[in-house]
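What follows is calculated from the coordinates using simple rules that are stated; it is not laboratory data. In this text the structure is predicted, and so the values were computed from the model without any measurement. All Cβ positions, even for glycine, are placed from backbone atoms using ideal geometry, and neighbour counts span all protein chains on display.
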Amino acid sequence: MKRVLLTTCVVLALAGCDRNGPSQDAPSAPPATAPATGDTPVAAPATETVQAVADKPAAPATAAAGAIHTPAAGSPERTALMDALRTKVRGDLGGDAVFVVKTLKSDGQWAFAELEPQWRDGRKIDPHSTPLYQQDPDWPFDGLHTEAIWRKVDGRWTVFAHSIGSTDVWWTEHCNTVPRGIMTGC
């Protein structure tokens, strides 16, 4: 069963890959190196759903939403998305990070990303040094890869839900909330 789940996760992750490769969330950040693979699981997932945002009525996906696209590096949309997430994960990571973007899709009202955080100078973040790990070092988590769902509320991007180091495809529980085609696996 675990092998089937792992295979499914890999297939779903590959299906949503940005064919242009990883990119930084802001062009002013130093060039990033691709994150190392094969990290040993080290900490607990931090998943959060913002109930106040979830309770606000969503604009109909067909009327208010635009075409699904990947916001360009340095664009106002991408910067706003990453800034909103950076605020959410600052305490878990122990500082401000930039994100190497693996997947990023938006329709202008909802967005989803699969990311790898790193320090602004391009250094990899040591998971063991983060407050997230130090809070519960025995909790199994899979590195610091981060997934996030955003929703535009009152003209501003708000983090609807996010997770650091998840060991599953947690975001699929939101497939009936987020418009089709934005999230990997929905």
>> Around Tyr133, under 11 Å between beta carbons, what's the net of Lys plus Arg minus Asp minus Glu among the other residues?
In response: -4
>> In the stretch 77-173, if the dipole is taken from +1 on Lys/Arg beta carbons and -1 on Asp/Glu beta carbons about the Cα centre, which of His162, Pro117, Leu81 is farthest to the positive end?
In response: Leu81
> Under the Karplus relation 6.51 cos²θ - 1.76 cosθ + 1.60, θ = phi - 60°, what is the ordered set of whole-Hz ³J(HN,Hα) values for the stretch 151-161, x standing for Gly and Pro?
Replying inline: 9, 7, 10, 6, x, 10, 6, 10, 6, 7, 7
> Between Thr177 and Asp96, what length comes free when the chain is fully extended (0.36 nm per residue of separation minus the Cα-Cα distance, one decimal in nm)?
Replying inline: 26.2 nm
> How would you rank 160-169, 73-82, 108-117, 136-145, highest first, on the average number of other Cβ atoms within 10 Å across their residues?
Replying inline: 108-117, 160-169, 73-82, 136-145
> If you put +1 on each Lys and Arg Cβ and -1 on each Asp and Glu Cβ, how big is the dipole of the stretch 119-186 around its Cα centre, in Debye rounded to 20?
Replying inline: 460 debye
> Can you list the residues of the stretch 87-115 with backbone N under 20 Å from a point 7 Å past the Cα of Asp168, pointing along Cα to Cβ?
Replying inline: 113-115
>> From Cα pairs below 8 angstrom and at least 6 apart in sequence, can you work out the relative contact order of the stretch 85-186, rounded to a whole percent?
In response: 25 percent
